[in-house]
Amino acid sequence: MSETEQVGGLGDAARPGTGEVTATVIVNAPAPRVFAAFLNWERQSEWIPFTKVRVVEGDGGEGSLIEAVTAVGPAALRDEFRVVRIDAPYELRVVHCGNVLRGPGSMRCTAMGGDRTQVVMHEWFHLPGPVGKLAWPVLWPGSKLGFKGALKKFGRLVEEGKLP
């Protein structure tokens, strides 16, 4: 049995979908500090635009259920994900298991010389039906820019000592 099947019976949500987004940033801080800042779930609201993040179940560690609600005006998107693996300060794995956003994701920290850390976020989303697959080429550039912009802001907050 895989680790994602053991944690909450996530089934098909644990398999990579066809919508894939990757973003990378270099943060001028040591990997343990960067990783700790990333795991401060509620404070992700400070660097992910229009989004409120909270721990719904658990302590934020493995097995926890996290909710991120992104709202712009009256439109809101609820993202639920389960934390399936934490290998601090190197890797975090989650599975998006909500009604709309489904699929695995990871965040990796790689220590570099001079107390710098490369952060890579990677998400594989299931696209809902034929319409989702047709819309993905239009949505992908915005998703990529959004991920990259959020990670850049995250990096600045860590470097300035505002996170964790």
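Throughout, read-outs are computed from the coordinates displayed, never taken from laboratory work. Since the model is a prediction, treat every value here as computed from it, not as a measurement. Cβ sites come from the backbone with ideal geometry, for glycine too, and all protein chains shown count toward neighbours.
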Mean-square fluctuation maximum in Gaussian network of the chain, Cα pairs under 10 Å, restricted to Val34, Val95, Val56, hits Val56
Expressed as a whole-number percentage, the relative contact order of the chain with C-alpha contacts under 8 angstrom and at least six residues apart is 30 percent
Unit-weight point scatterers at every alpha-carbon of the chain, Debye formula, q = 0.12, 0.14, 0.19 1/Å: log10 I(q)/I(0) is -0.52, -0.72, -1.33
Distance in nm between Val120 and Asp12 label points, each 7 Å along Cα→Cβ, equals 2.9 nm
In the neighbourhood of Arg54 defined by beta carbon distances under 15 Å, the net charge of the other residues (Lys, Arg +1; Asp, Glu -1) is -3
Filtered hits (aspartates and glutamates, Cα-Cα < 13 Å from Lys153, offset >= 8 within chain) -> Glu46
dims of the stretch 6-87, Cα set, principal axes, largest to smallest, nearest Å -> 37, 37, 29
Simple SL model, points at 7 angstrom along Cα→Cβ for Lys148 and Ala36; separation in nm is 3.1 nm
Ranked on Cβ counts within 10 Å of their own Cβ, fewest leading, His122, His96 go His122, His96
If one compares the long axis through the Cα atoms of helix 129-159 with the longest principal axis of the Cα atoms of the chain, the angle in degrees, nearest 10, works out at 20 degrees
Once both label points are put 7 Å beyond Cα along the C-beta direction, the Glu67-Glu159 separation in nm becomes 3.5 nm
